[in-house]
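The values are calculated or read from the model by the stated rules, or taken from the named source; none is laboratory data. Because the structure is a prediction, the values reported are computed rather than measured. Note: ideal-geometry Cβ built from the backbone for every residue, glycine included; neighbour counts use all protein chains shown. SASA here: full protein model, heavy atoms, side chains in, ligands and nucleic acids out. Shrake-Rupley method; radii C 1.70, N 1.55, O 1.52, S 1.80 Å.
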Amino acid sequence: MTAFEQSIQNFIKKAKKNPELVVRQVTIKLYSQIIMASPVDTGRFRMNWQVSNSKPATGVLIADDPSGSRAIGRMTNYVISSPEWENFCFTNNLPYAERLEYGYSQQAPQGMVRVTVARFQRLLNEAAARAD
């Protein structure tokens with residue numbers, strides 16, 4: 001089990017009242033922050049963040065979303081309505097996604113995923129405090 005997975009398991013134990021609700025809320029918050037941290041030229045990159053269960057999504061979306069609102073709405077609907085809530089995958093299949101994560105864009109020189117995941121423990125603690 002990775003440290004990331006262990007922190008999620010520890011959080012679920014801490015948030016005993018309603019772990020499903022809290023995990024869904026934190027997932028939405030985490031993924032929303034990644035979308036909004038994504039650099040924007042046309043908005044295609046933001047639109048291509050896709051959420052799924054168990055296995056990463058495949059393919060790319062042919063649409064733009066400079067504001068990120070469509071991508072966040074689509075992701076939120078999926079996370080809220082999915083019968084599975086313990087394992088979400090968040091994927092961007094555009095061929096330049098890895099370059100953007102590792103500093104290619106001046107808009108996000110530290111990437112999007114790594115900096116947001118680094119703040120994950122704080123998000124978990126905040127959500128757990130609200131659940132108590």
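Applying a threshold of 8 Å to beta carbon distances and a minimum spacing of six or more residues, or different chains, the list of pairs starting in segment 66-90 at a residue that is exposed (fewer than 15 other Cβ atoms within 10 Å of the Cβ) and modelled with pLDDT under 95 and ending at one that is assigned to a helix (DSSP H, G or I) and of a type in the set (A, V, I, L, M) reads GLU86/VAL23. Residue pairs whose Cβ atoms lie under 7 Å apart, separated by 6 or more positions or on different chains, with the first residue in segment 32-56 and assigned to a loop (DSSP other than H, G, I, E, B) and the second open to solvent by 30 Å² or more (accessible area, probe 1.4 Å) and of a type in the set (D, E, K, R), are THR42/ASP64; GLY43/ASP64.
Out of contact with any Lys or Arg (no Cβ under 6 Å at 6 or more places or on another chain), open to solvent by 20 Å² or more (accessible area, probe 1.4 Å) and at pLDDT 90 or above - does that describe any residue in segment 14-21? No, segment 14-21 contains no residue that is out of contact with any Lys or Arg (no Cβ under 6 Å at 6 or more places or on another chain), open to solvent by 20 Å² or more (accessible area, probe 1.4 Å) and at pLDDT 90 or above. Check whether at least one residue in segment 36-44 is open to solvent by less than 50 Å² (accessible area, probe 1.4 Å) and in contact with a strand residue (DSSP E or B) (Cβ under 9 Å, 6 or more places away or on another chain), and report yes or no. Within segment 36-44 (the criterion being open to solvent by less than 50 Å² (accessible area, probe 1.4 Å) and in contact with a strand residue (DSSP E or B) (Cβ under 9 Å, 6 or more places away or on another chain)), the answer is yes, since at least one residue qualifies.
Among what's in segment 91-111 and is in a helix (DSSP H, G or I) and open to solvent by 30 Å² or more (accessible area, probe 1.4 Å), pick the residue that is farthest from VAL22 (Cα to Cα).
We begin by selecting, within segment 91-111, every residue in a helix (DSSP H, G or I); these are 97-101.
Imposing the further condition that a residue be open to solvent by 30 Å² or more (accessible area, probe 1.4 Å) reduces the set to 98-99.
Details: GLU98: 29, ARG99: 32 Å.
Only one residue fits best here, namely ARG99.
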